[in-house]
Amino acid sequence: MSTNETSSKMHPKVREAQEQMDSGRLSRREFVRYAALLGVGAGAAYAMAGLPSPAVAQDAANLPFPADDANAKAGGILKVAMQVQKIDDPATFSWTQASNQTRHMLEYLAMTGPDNVTRPMLAERWEASEDLKTWTFYLRKGVKWHNGDDFTAEDVKFNFERWTNPDLGSSNIGLSSVSAMVEDKDGKKSLIDGAIEIVDDHTIRFNLTKPVLSFPEDMYNYPTAIVHRGFKPPLDSSMNGTGAYTITENVVGDRCILKKVTEVGGQPFEYWGGTVFLDEIHYYNFDADNQLTAFAGQSVDAIYDFGVEQMELAKAIDGNIIAARTAQCLCCRMRVDAEPFTDERVRKAVTMAIDNAAIKPLVYPEGGDVGENHHVAPVHPDYQALAPLTRDVEGAKALLAEAGHPDGITLTIDVGNTDGPWHQTAAEAMRDQLKDAGITLNINVIPASKYWEIWTQTPFGATAWTHRPLGTMVMSLGYRTGVPWNESGFASPEFDAALDEAEATLDVEARKGLLAKAAQILQDASVMVMPIWRPVYCMASKSVNGYPAHPTQYHQFNKVWMS
Amino acid sequence: MAVTEIPSGPSVLDRLSKPKPVAVLVLLMWLPLMAYVMFGQAIGGEARAVLLPAIPATLMLYVLGIRAFRESRVAVIGLTLVFFWLLMAVSAPYLPLMDPNKPIAPFTTPFTERNDLFFWLGTDFKGRDMLSRMIWGCQRVLVWGVTATMVAYVVGAMFGLISGYLAGWWDEIISFVANVLLSFPVMVLFIVILNYLGPSGFNIVVAVTFASAPAIMRIVRGLALDIKTRDYVYAAQTRGEHPLYIMIFELLPNVRGPIIVDACLRLGYTTVAITTLTFLGLGLQPPDPDWGLMIRESAKTAMLWKFSYMLLVPALAVSSLILGFNLMADGLREMSLRD
Amino acid sequence: MLKLILRRLVQMVLIMAVSSLLLFAIFDTPEFKKRLAVQELGGFAVSALTEESYKSWLAARGLDVPFYQRYANWVGNILSGDLGFSYEKNRPVAPLLADRLANTGILAFFVFALMIPLSLILGILAGMKEGSLQDRTISFVSVFTTSIPEIASAILLTIIFALGLGWLPVKSAMIGGFNFRELILPVLTLVIYDFGYVARMTRASMAEVMTSQYIRTAILKGLPYRRVVMRHALRNALIAPFTLIVLQLNWLLSGVVVVEVFFEYDGFGKLLLEAALFPDVEVVQACTLVAVAVAVLSQIISDIGYTFLNPRIRFA
């Protein structure tokens, strides 16, 4: 797809966004992401923003992968330490790890790169109607399944029909794009007739009930891998994909072996995505604690991730440490309907006595962002900074006294360390700060599995939230009145209204302001202490070239090569 | 590994178990320590004040112990090791140590100075002082280990007396249950029980009781079978005493001596069990320091020669305590055989 | 003798029945089911489930029927040779358990191959001359090594041989197939803990034999000391250690848990721990059955061996 072609059919919103960028109200990076979502080729979008495009293949093939390294050598096996999980049905994956196992076999319609820009993958390009309610995906031609079939619109339709089947229990039904294709019928969700329209073999159109901007982004959510139209779970009984590799062995808790596909039914297999360099990708099962040790012992070439507590160890090992900024966090929330937090003054005293900026360096000395006691992260494209928080110990004491606790108060926080021991470190730092305001914080450390049993009910708990691409997404998942993941019991019509308005607004700049309003309401209500947005770390040996860091820890090894 | 030779000569053991002042001193040492570790949070404020009487009591007990054990060098060494840790446990809050839970300077190697503080044993991955954690860590191991062993003994001895003295159906049932429990490998039993109850100090007591009581019951049962044919038991029976009275006042005092050696060994096993279970994530929970926990936390952060002190310190500490218990048992056995 | 063996076997089956029923009851609690759901779907997904979809999730795994019914099914399957299915590893239990037991078997083989000669020789040397310097040295060394718990010796060995000298690998995950070098540290760890105990028992038994009437007579008759020890004392002195060594199998099943977890060696112990924490009921059940069977069978073997080796019992 050439730039000219794009501009001729450019979505009016792109023009709007361009104007905003030119007047300085929209950053260049965000413009690129925004334009790409609206169907502008990433290269063109970078050009329009006047930014240097990252080394992504710029040729006519319009590939989402980085450009080939001129020094790259073909061959070799990449061994990665990661939990090896069950991969029976890609639509019901619960963890990123499982999707990494299948990622080089089962591919996605779109692909979000480390630069947070979404590029077409199995789709060649897409178009949105002016009201963002009709989306047309033009599928890439010449994509072959490993059984020799052509990849067509039928495959895509089959997948959407599976996801919207409530009996399957796929979490994809909750994506804003997919949920705009279903209706409630007799208390059961089902696909609306005519929501999916096959235009021709390689064109498919989706008619949505509400405007959705993030459609292409949703199509890289980890359970949206596209399977063959004849797919029946479990996956091992019908290994078939469009990727350059296929899984030859998957033993849960032990190993997952992927090999390059070279031929299909006697014919040489030609991968649509250009050259791939590795012969094989091996995943070996190591739990989170032992991956780094396995790496140090040179059993593996790369690892899925390691915790900040292992940083010194990592630094002492020969290899490249790769960090990515994320919206993963620790939300130390107080249930507004549980004593003593029913009194807003108590909650306020807690947040006032804590200095988030002082906690971050204790927990994550390098990288990461300081939280602002609401749930929109600086990496979110719809983030807008609020007035900086200041610590006020005396004020906290006064509030406590006013609330009937003149001699201080004793609180207990449940910590499950579900995402590593840094939760406890953060809680301990909070404890030390709260002491100054006369608040005694007991830290109740419980096993991770126990924590997940009580995470929505405990009066005061530290919950890890994963990265989500948009601030509105996570705010509506976690703080809207009565939603299942509303772990704080927060209920504010004012907040809900602000959030609704933000979600319905497509103008990026206006949306930011509206979301900031919702964030301000949340912050003022002192529902949580959100000290840190954590970075994620992984590691690869020096012989691994082009190992990408991705904020959601998705593995994209197409252009990785071993020296 | 619960097989124990039961010594027959009771004199040293009797000397140990009879005098009243010793019992008073033991209580003076033990109760404050237990109260401090188990209920320190509930006491709050100046909880460490409860430990004040325990410090002199521990020292006096040590002196008395040395005098009683002077015949056996091995036992004296064992006693010294055990009392070193006991003394550390009761005096930890009074020693000039850094806060064991406070992060100061991560990954400081031993014998170096940082932030104007000298770290004898370095700091761990969070920057907490290793020396302080090592010393504080013995509290929980000792208190939970000894409590668990004691409870196991109470339960085991009770069933052993009933089974041995009353015989008949009682014996059949109790012995069958004991056999069932004994046919599980200990670790399997621990894992199943703690996984069901959830990891905590109190639940370790329960698990250790399940695992150890059957073996104790067997020993006590054997002794009771022997003792119940003695004249003084017959005398009590003819006096028309209640079986409960006979079990508690006639049988119990006479089985006490032989099981002291077994108790020392069992203290060692229990310490191993607690440390191992905590390492596996089934035992004591953070954040308070504990040797098993120190190993668990360091096992993923310190797998490098220059950081290996983080693993070495707790490993040596726990080994020295267990060595102490085992040497004591050895010395006691040696002395009782000699008498 | 046969009657004794039969009695033991009946007891074993009874114990298995009781313990498996108990385990089923334990793992039937709502908390355990919830934990299983959390493991499979993730904590966030589970709390978003409606009551109805949670129920259908339970139904899909057959967890909605009362546990006695599940237990009856399970017993039926066991009797027909089907050990069940592992939720965690997503494969039938039988081949999984067989794999892991084989790995632990390899470990156990080397442990015994090293531990038996070492402990017997040391025990005999110590017991030959009770109270001598060599006796006291050996006794002290064995108390010392037995006092170092497996976790501590695993650490010490790793620090010295893997981290310090760099001779051996730190972990024993064996991802590239069987590797003998990766087996050395786990084997040494187990041997160091166990050999002292067997050596001490051998010593006691040997010392007892050496003070017995017939050995004294033999020595007084002027037979060479060496020959007395080799020909007369050893046979009798080894009866007790033999039974003890067989019983070590039972201990090994406990000991391997921490060693396998520490060294990341995929054996029976690691499987058991992972399954219990998951909770993967049918794997825990199968592991428990194996453990009980090993415990009881090793007891029977040790009894039989004792009878055969000790003529006084056989003819009495």
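Here's the list of lysines a cross-link from A:Lys189 could span, going by alpha-carbon distance under 19 Å and ignoring same-chain residues fewer than 8 apart: A:Lys157, A:Lys210, C:Lys55. Here the Karplus curve 6.51 cos²θ - 1.76 cosθ + 1.60, taken at θ = phi - 60°, turns the phi angles of segment A:493-501 into couplings of x, 4, 5, 4, 5, 4, 5, 4, 5 Hz, with x standing for Gly and Pro.
Using the rule -39500 (n - 2.57) for each DSSP H run of four or more residues, divided by the residues of chain B, the 222 nm mean residue ellipticity is -23000 deg cm²/dmol. Charged neighbours of B:Leu284, selected by a Cβ distance under 9 Å, balance to -1 (K, R count +1; D, E count -1).
Projecting the Cα atoms of A:Gln18, C:Ala152, C:Ser298 onto the charge dipole of the protein assembly as shown, computed from C-beta unit charges around the Cα centre, puts C:Ser298 farthest toward the positive end. Only lysines eight or more places from C:Lys270 in sequence, or on another chain, were considered; those with a Cα closer than 16 Å are C:Lys89, C:Lys171.
Starting from the Cα gyration tensor of segment A:46-169, take the square roots of the eigenvalues, sort them a ≥ b ≥ c, and report rounded, prolate or oblate (rounded when a/c is under 1.5, otherwise prolate if a/b is larger than b/c, else oblate). Oblate, since a/c reaches 1.5 and b/c is not below a/b.
Per the Debye calculation on the protein assembly as shown with a single equal scatterer at every Cα and no solvent contribution, log₁₀ I(q)/I(0) for q = 0.04, 0.05, 0.09 Å⁻¹ amounts to -0.26, -0.41, -1.20.
Out of every Cα-Cα pair that segment A:325-535 contains, those further apart than 27 angstrom amount to 26 percent. Computed from backbone phi with θ = phi - 60° and the Karplus coefficients 6.51, -1.76 and 1.60, the 3J(HN,Hα) list for segment A:305-322 is 6, 9, x, 5, 5, 9, 4, 4, 4, 4, 5, 7, 9, 6, x, 9, 8, 10 Hz; x is used for glycine and proline. Taking packing as the residue-averaged number of other Cβ atoms within 10 angstrom, the listed peptides A:443-456, C:258-271, C:78-91 run from highest to lowest as C:258-271, A:443-456, C:78-91. Put a plus charge on the Cβ of each Lys and Arg, a minus charge on the Cβ of each Asp and Glu, and nothing anywhere else: the dipole of segment C:2-82 about its Cα centre is then about 520 debye. Within segment A:169-188, list the residues whose amide N lies under 17 Å from a label point set 7 Å along Cα→Cβ of C:Ala59. The answer is A:169-170, A:187-188.
Here's how it looks for A:Asp89: its modeled amide H is under 5 Å from those of A:Leu235, which are all 5 or more places away or on a different chain.
Taking amide H atoms as placed 1.01 Å from N in the peptide plane, the amide H of A:Ile532 lies under 5 Å from those of A:Leu330, A:Gly371, each 5 or more residues away in sequence or on another chain.
Hey, could you grab the Kirkwood Rh for chain B? Inverse mean 1/r over distinct alpha carbon pairs, Å, one decimal. In chain B this quantity evaluates to 21.5 Å.
The phi torsions of segment A:110-116, fed into the Karplus equation with coefficients 6.51, -1.76 and 1.60 and a -60° offset, translate into couplings of 10, 9, 8, x, x, 7, 6 Hz, rounded to whole numbers, with Gly and Pro shown as x. With the Cα gyration tensor of segment B:36-124 giving a ≥ b ≥ c as the square roots of its eigenvalues, does the rule (a/c under 1.5 for rounded; else a/b larger than b/c for prolate; else oblate) give rounded, prolate or oblate? The shape class here is oblate. Rounded to the nearest angstrom and listed largest first, the equivalent-ellipsoid semi-axes of segment C:111-235 from its Cα gyration tensor are 38, 15, 10. Straight-distance candidates among the aspartates and glutamates for linking to C:Lys129, with alpha-carbon spacing under 16 Å and chain neighbours fewer than 8 residues away dropped: C:Glu208.
Once you've got the Cα coordinates, tell me which of A:Lys435/B:Lys306; A:Lys133/A:Lys185; A:Lys79/A:Lys360 are over 24 Å apart. Over 24 Å apart, Cα to Cα: A:Lys435/B:Lys306; A:Lys79/A:Lys360. Working note: 222 nm ellipticity from helices only, DSSP H runs with n ≥ 4, each -39,500 (n - 2.57), summed and divided by the residues of chain A, gives -8000 deg cm²/dmol to the nearest 500. For peptide C:290-301, the mean count of partner chain Cβ atoms within 10 Å of a residue's Cβ comes to 2. For the segment C:41-53, counting C-beta atoms of other chains within 10 Å of every residue's C-beta and taking the mean gives 6.
Among A:Met475, B:Pro96, A:Phe269, whose Cα sits farthest toward the positive end of the charge dipole of the protein assembly as shown (+1 at Cβ of Lys/Arg, -1 at Cβ of Asp/Glu, about the Cα centre)? Towards the positive end, the residue furthest out is B:Pro96. Working ranking of peptides A:85-96, A:190-201 by packing, defined as the average number of other Cβ atoms within 10 Å per residue, highest first, is A:85-96, A:190-201. Taken along the Cα-to-beta-carbon direction at a fixed 7 Å, the label points for A:Ala398 and B:Tyr232 span 7.6 nm.
Across segment B:247-339, Cα-Cα pairs more than 20 Å apart make up 52 percent of the total. A protection proxy built from the mean count of other Cβ atoms within 10 Å ranks the segments A:150-160, B:268-278, most packed first, as B:268-278, A:150-160. Measure nothing fancy, just the Cα-based angle from helix B:252-279's long axis to the longest principal axis of chain B, in degrees from 0 to 90, nearest 10. It works out to around 30 degrees. Projected over every direction and averaged, the convex hull enclosing the alpha-carbon atoms of segment C:2-82 yields 6.5 nm².
When the protein assembly as shown is described by a simple charge dipole with +1 on each Lys and Arg Cβ and -1 on each Asp and Glu Cβ, the residue from C:Leu125, A:Met562, A:Ile281 located farthest towards its positive end is C:Leu125. For peptide B:188-200, the mean count of partner chain Cβ atoms within 10 Å of a residue's Cβ comes to 6.
Read the figures in this text as sums done on the coordinates, not as results from a lab. Note that the structure is predicted; figures quoted are calculated from it, not measured. Glycine also receives a Cβ, built like all others from the backbone with ideal geometry; neighbour counts cover every protein chain displayed.
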